[in-house]
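The values are calculated or read from the model by the stated rules, or taken from the named source; none is laboratory data. Small disclaimer: the values here were computed from a predicted structure and weren't measured. Neighbour counts are summed over all protein chains in view; Cβ atoms, including those assigned to glycine, are modelled from backbone coordinates with ideal geometry. Only protein heavy atoms, including side chains, enter the accessible area calculation; ligands, DNA and RNA are left aside. Shrake-Rupley method; radii C 1.70, N 1.55, O 1.52, S 1.80 Å.
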Amino acid sequence: MRLDVNLLDYALIAIYFATVLAIGFAARRRITTSLDFFLAGRGLPAWITGLAFVSANLGAIEILGMAANGAQYGAMTVHFYWIGAIPAMVFLGIVMMPFYYRSKVRSVPEFLRRRFNGATQLLNAITFAVAQILIAGVNLYALALVMEALLGWPLPVSVVVSAVIVLSYITLGGLSSAIYNEVLQFFVILAGLIPLTVLGLIKVGGVSGLFEKVRQSPLGEGGLHTWAGTAGDNPMHAHWIGIVFGLGFVLSFGYWTTNFAEVQRALSARNTNAARLTPIIAAYPKIFIPLVTVLPGLIALVLFGDLGQDRAYNDAIPLLMGDLLPNGVLGVAVTGLLASFMAGMAANISGFNTVFTNDIWQAHLVKDRPDGYYLRVGRIATVVGVFMGVGTAFIAAGYSNIMNYLQALFSFFNAPLFATFIVGLFWKRMTPWAGFWGLLAGTLAAFTSYILYKSGVVAFGTELNASFWGAGIAFGVDVLVSVVVTLVTTAKPDSELRGLVYGLTVDLEDDALAGDAKWYRSPVLLGAGAVVLAIAMYGVIL
Amino acid sequence: MKDIRLVIGGLFLVYGVILIVAGVFGTPVNLWTGISMAVVGGVFLVWSRIRPI
């Protein structure tokens, strides 16, 4: 599968990474406080944080994985976007963001300390920090695998080179340089994927040609429907109830509304309105991303007959790149892929350094030092985080199965966190210790249901179905334990909950800017538009 | 920090010109992608000129 890259392609790759490092150096001159480093000084406009929000999730694992799912499960893969992302992103912007942003917290765990107590903060901070390092390592390992297959670079070389690039631009410029690179990467990856999709479609005879050939493929008619087969047999073996509640509600709301690596992008926006618009602006490109991920997956399925047998589904995009792109555009596509791996890793590392410094070091270990001290801790945490990521990548190289399991496991760790959030936001009686015990019980329930599935004690059919149910169970256990513990412990007085729960408002000065009242800056209107558009898209392929 | 629109615009313009040259002497795919990237780059440069931060 080695790609035929030449000097032209390498020149394009080199230009990109020179630009990335230049952004890091330019951003460094603006960093004077820890707020600059961790939250880009809370000064970015909504379109930048919005694109960074969608881009932080558009890592290469996502791109390769969704193309692979497209080839394996067909059109049903769009559920991960239209029901599994859009409603939750809009909910985050309209309902939850005012609480996050106006309480002026720096992180999700810090919000948990304000709403509940230090123990809840520490529990969430440690789970999050460990998960980010492991996921960064998995990202790095996946990058090295792709580099080895496509360009013939030895695995350790790719791991070290990419770690050094990510390390330099985040240590230099903190979150602003991570965000600026995410925006840049977003456009470059599209510049690679769009020609790929167009050429692929031409080759299979347009949309009608593609549909005709998918019908004759192993996937068959079921690969061309999203909801039509979900009451009976379908390629994903998923029932519509599992899709709506498991994916559309628990998994997706858990991921999008509480995952700090995402929420951090919105917290860096310049005012409340921009923070609320961040996930909503991100929702619009998100609706159309399946056109350059799931669609190429289907194209690869009909172009390469042995996909899923002799060749892995994950190779769908790289195979298309080698088959369709000439030198030049090929360089752009490889750059986009490399950049998106690094953006994914940078999002993990910038989330890690913030939570480690703010919620573990400053909140529980070394308190009350001057701001410059924590800025330094943040930079050191970045270096240590990248080193641990490199270590994880080499462990992953030895035990790739363990890494797959861990990744699947973390994918539903957010479900209990979402339960704690939603109960805590709308029920002011919920007590500090209910926050802690609910979260702990829910996390353990997620863990247990996954172990039981893996050891074959309970059967869920497919891995996907297991994650839908695992998340649902974790959510239920969390709510149950939270309610029971609340009934036997003491609640916080209203005065400590102002601005943190629904119905107890706090008088903050209005931070609206001129123009925020215009219709095209209204979170409710734009959010409703995104949901309507997502529903309309289902109408195209039902 | 410099306006990100200048960075995106500049990079896309450079990529666009390189691909256009590669396309004129080679495959038409490079030409079309190059033209599109140069246009996108131009739009970002014009945008940051019209509405500076």
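A few notes on this one:
Each row is one residue, and each column tells you yes or no for (1) farther than 30 Å from A:Pro290 by Cα; (2) part of a loop (DSSP other than H, G, I, E, B); (3) not small (Gly, Ala, Ser).
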site	(1), (2), (3)
A:Leu480	yes, no, yes
A:Thr486	yes, no, yes
A:Ser495	yes, no, no
A:Gly499	yes, yes, no
A:Ala512	yes, yes, no
A:Met537	no, no, yes
A:Leu542	no, yes, yes
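- Residue match in the stretch A:308-320 (condition: buried (at least 24 other Cβ atoms within 10 Å of the Cβ), more than 23 Å from the chain's Cα centre (by Cα) and in contact (Cβ under 8 Å) with a residue 40 or more places away in the chain): yes
- Sub-6 Å Cβ pairs linking a first residue in the stretch B:6-35 that is assigned to a helix (DSSP H, G or I) to a second residue that is among the aromatic types (Phe, Trp, Tyr) and open to solvent by less than 50 Å² (accessible area, probe 1.4 Å), at least 6 apart or interchain, are B:Ile8/A:Phe187; B:Ile8/B:Phe44; B:Gly9/B:Phe44, ordered by first then second residue.
- Any chance A:Tyr255 is within 14 Å of chain B (Cβ to nearest Cβ), touching a residue at least 24 places away in the same chain (Cβ under 8 Å) and over 19 Å from A:Gln72 (Cα atoms): no
- Filtered by the rule that a residue be part of a helix (DSSP H, G or I), crowded, with 24+ Cβ neighbours inside 10 Å and not small (Gly, Ala, Ser), the stretch A:40-57 gives A:Ile48, A:Thr49, A:Leu51, A:Phe53, A:Val54.
- Selected residue (criterion: nearest to the chain's Cα centre (by Cα)) from residues of the stretch A:325-334 that are within 11 Å of chain B (Cβ to nearest Cβ) and surrounded by 24 or more Cβ atoms within 10 Å (Cβ to Cβ): A:Ala333
- Selection count where residues are of a type in the set (A, V, I, L, M) and touching a Ser or Thr at 6+ places or on another chain (Cβ under 7 Å), scope the stretch A:69-108: 8
Matching residues to (1) at the interface with chain A (Cβ under 9 Å from one of its Cβ atoms); (2) open to solvent by 50 Å² or more (accessible area, probe 1.4 Å); (3) under 19 Å from A:Asn181 (Cα atoms):
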| position | (1), (2), (3) |
| --- | --- |
| B:Asp3 | no, no, yes |
| B:Leu6 | no, yes, yes |
| B:Tyr15 | yes, no, yes |
| B:Val24 | no, yes, no |
| B:Ala38 | no, no, no |
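- Unmet criterion (only one of (1) within 26 Å of A:Ile541 (Cβ to Cβ); (2) of a type in the set (A, V, I, L, M, F, W, C); (3) within 11 Å of another protein chain (Cβ to nearest Cβ); (4) open to solvent by 10 Å² or more (accessible area, probe 1.4 Å)) for A:Leu196: (4)
- Subset of the stretch A:1-36 (residues that are in contact (Cβ under 8 Å) with a residue 12 or more places away in the chain, closer than 20 Å to A:Gln362 by Cα and within 13 Å of another protein chain (Cβ to nearest Cβ)): A:Ile31, A:Asp36
- Test: residue in the stretch A:38-61 that is without any contact (Cβ under 8 Å) to a residue 12 or more places away in the chain and either more than 9 Å from chain B (Cβ to nearest Cβ) or within 18 Å of the chain's Cα centre (by Cα) (or both): no
- Any hit, the stretch A:504-520, residues being under 20 Å from A:Pro87 (Cα atoms) and either modelled with pLDDT of 90 or more or not hydrophobic (A, V, I, L, M, F, W, C) (or both): yes
- Condition check for A:Phe187: within 14 Å of chain B (Cβ to nearest Cβ) and in a helix (DSSP H, G or I): yes
- Scanning the stretch A:21-35 for residues that are assigned to a helix (DSSP H, G or I) and either open to solvent by 30 Å² or more (accessible area, probe 1.4 Å) or out of contact with any helix residue (DSSP H, G or I) (no Cβ under 9 Å at 6 or more places or on another chain) (or both) yields A:Leu21, A:Ala22, A:Phe25, A:Arg28, A:Leu35.
- For the stretch A:313-320, the condition holds for no residue, the condition being that it is within 14 Å of chain B (Cβ to nearest Cβ), assigned to a helix (DSSP H, G or I) and touching a Ser or Thr at 6+ places or on another chain (Cβ under 7 Å).
- Only one of the listed residues (A:Ala88, A:Ala18) is assigned to a helix (DSSP H, G or I) and open to solvent by 30 Å² or more (accessible area, probe 1.4 Å). That residue is A:Ala18.
- Flag if A:Thr505 is of a type in the set (S, T, N, Q) and open to solvent by 30 Å² or more (accessible area, probe 1.4 Å): yes
- Among residues of the stretch A:1-15, those that are part of a helix (DSSP H, G or I) and β-branched (Val, Ile, Thr), counted: 2
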